[in-house]
Amino acid sequence: MTEATYKPKELSQILLDADTLQKRIAELAQELNRDYAGQELILLCVLKGSALFTVDLMKNLDLRVAVDFISISSYGEATKSTGVVKMVKDMEEDIKGKHVLVVEDIVDTGLTLDYLRRVLQMREPASLKICSLLSKPAHRKVELPIDYLGFTIEDYFVVGYGLDYKSFYRNLPYIGVLDPTLLDD
Ligand code: IMP
């Protein structure tokens, strides 16, 4: 594989390298393969942060899978949740009576997923579960079940593997910690 290995100077450390991520994602996929065996599944990728995770996860699924995309905004360009969540782009599939798995990059306060879960529940899916690559419990405001979780992390602002700071760093194949002195607030 020829993936980027460079480390931008703005990162203070690499938290989860590419191999560690891919290994855990394969494990999560095995759990999903067991739990959804014989069923159809709609993967709902929450843009933009979950794009890389969704792609790698679905490549490991031995299931009949459809993928759809939704875009929710809660942060703008800041690094702390505003508590204001809005839907920027809705999904296209009708999920009534279907099994839906929301694929999220990171659960921080939980406000985004709490909002999304309530919106999706009203559409009466057969089941609605959450798969998040990361959980950062330090700032949790809403408790919600994460049915499939990659890693729990400390209170760092992380970038890479889909996660951004001011729209950059999403392309890194690993997850790194942004130098805290660079954060706005
Ligand atoms: P929540 O609503 O506070 O749970 O925030 C969820 C969203 O905030 C995530 O989907 C990310 O887009 C963003 N976010 C939270 N923590 C981080 C981080 O450490 N790095 C990059 N984005 C983050």
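The values are calculated or read from the model by the stated rules, or taken from the named source; none is laboratory data. These figures come from a predicted structure and were not determined experimentally. Using ideal geometry, Cβ is built from the backbone for each residue, glycine included, and neighbour counts are taken over all protein chains shown. SASA here: full protein model, heavy atoms, side chains in, ligands and nucleic acids out. Shrake-Rupley method; radii C 1.70, N 1.55, O 1.52, S 1.80 Å.
As a fraction of the 1.4 Å probe accessible area of the stretch 1-57, surface on carbon and sulfur atoms comes out at 51 percent.
Here the Karplus relation 6.51 cos²θ - 1.76 cosθ + 1.60, evaluated at θ = phi - 60°, turns the backbone of the stretch 90-100 into coupling constants of 7, 6, 9, 5, 8, 9, 4, x, 10, 8, 10 Hz, with x for every Gly and Pro.
Taking only protein heavy atoms into account and a 1.4 Å probe, give the accessible area per residue of the chain in Å².
Numbers: 9470 Å² over 185 residues.
I get 51 Å² per residue for the chain.
Compared with the dominant principal axis of the Cα atoms in the chain, helix 111-121 is inclined by about 10°. Please build a GNM for the chain, connecting alpha carbons under 10 Å apart, and tell me which residue among LEU63, LEU28, LEU134 fluctuates the most. Result: LEU63 has the largest fluctuation of those listed. When restricted to Cα atoms, the stretch 138-185 yields an Rg and a Dmax of 12.4, 34 Å, respectively. Considering only the Cα atoms of the stretch 10-51, their convex hull presents on average a projected area of 4.2 nm².
In nm, what is the difference between 0.36 nm times the number of residues separating GLU93 and ASP68 and their Cα-Cα distance?
8.3 nm
Once the Cβ-Cβ distance between LYS141 and ASP19 is put in as r, and R0 is 22 Å, what FRET efficiency do you end up with, to the nearest 0.05? Efficiency computed from Cβ-Cβ geometry: 0.10.
Sort MET122, MET58, MET91 from largest to smallest accessible area, using a 1.4 Å probe on the heavy atoms of the protein chains. Walk me through the intermediate numbers first.
Working: MET122 145, MET58 70, MET91 20 Å².
Putting MET122, MET58, MET91 in descending order of accessible area: MET122, MET58, MET91.
Would you rank LYS7, LYS89, LYS96 by solvent-accessible area, highest first, keeping every protein chain in place and using a 1.4 Å probe? Write out the running numbers ahead of the final one.
Working: LYS7 100, LYS89 70, LYS96 125 Å².
Sorted by accessible area, descending: LYS96, LYS7, LYS89.
Can you give the FRET efficiency for ASP114 and THR181, using 1/(1 + (r/R0)^6), R0 = 35 Å, r = Cβ-Cβ distance, to the nearest 0.05? Present the calculation step by step, with values, prior to reporting the outcome.
Numbers: r = 31 Å, r/R0 = 0.89.
Efficiency computed from Cβ-Cβ geometry: 0.65.
Every Cα-Cα pair of the stretch 106-169 was included, and the share exceeding 17 Å stands at 46 percent. To the nearest 10, the accessible area of TYR115 is 60 Å² with a 1.4 Å probe. Ranking of HIS99, HIS139 by solvent-accessible surface, largest first: HIS139, HIS99 (1.4 Å probe, protein heavy atoms only, all chains present). Can you tell me how much longer the chain between TYR6 and VAL55 gets when fully stretched, taken as 0.36 nm per residue apart minus their C-alpha distance, in nm with one decimal? Taking TYR6 through VAL55 to full extension adds about 15.5 nm, to one decimal. Note on the stretch 110-185: with neighbouring protein chains present and a 1.4 Å probe, carbon and sulfur make up 51 percent of its accessible heavy-atom surface.
May I ask for the longest run of the chain untouched by GluC sites (Glu not before Pro) that are loop-located per DSSP and have at most 11 neighbouring C-beta atoms (other than their own) within 10 Å? Longest run free of exposed loop sites: 4-76. Put simply, the Cα atoms of the chain extend 48, 39, 25 Å along their principal axes, the longest span coming first. Each label was represented as a point 7 Å from its Cα along the Cα-to-Cβ direction; for GLU154 and GLU40 these points are 4.6 nm apart. Structural descriptor for the stretch 17-156: relative contact order 21 percent, calculated from alpha carbon pairs under 8 angstrom and at least 6 residues apart.
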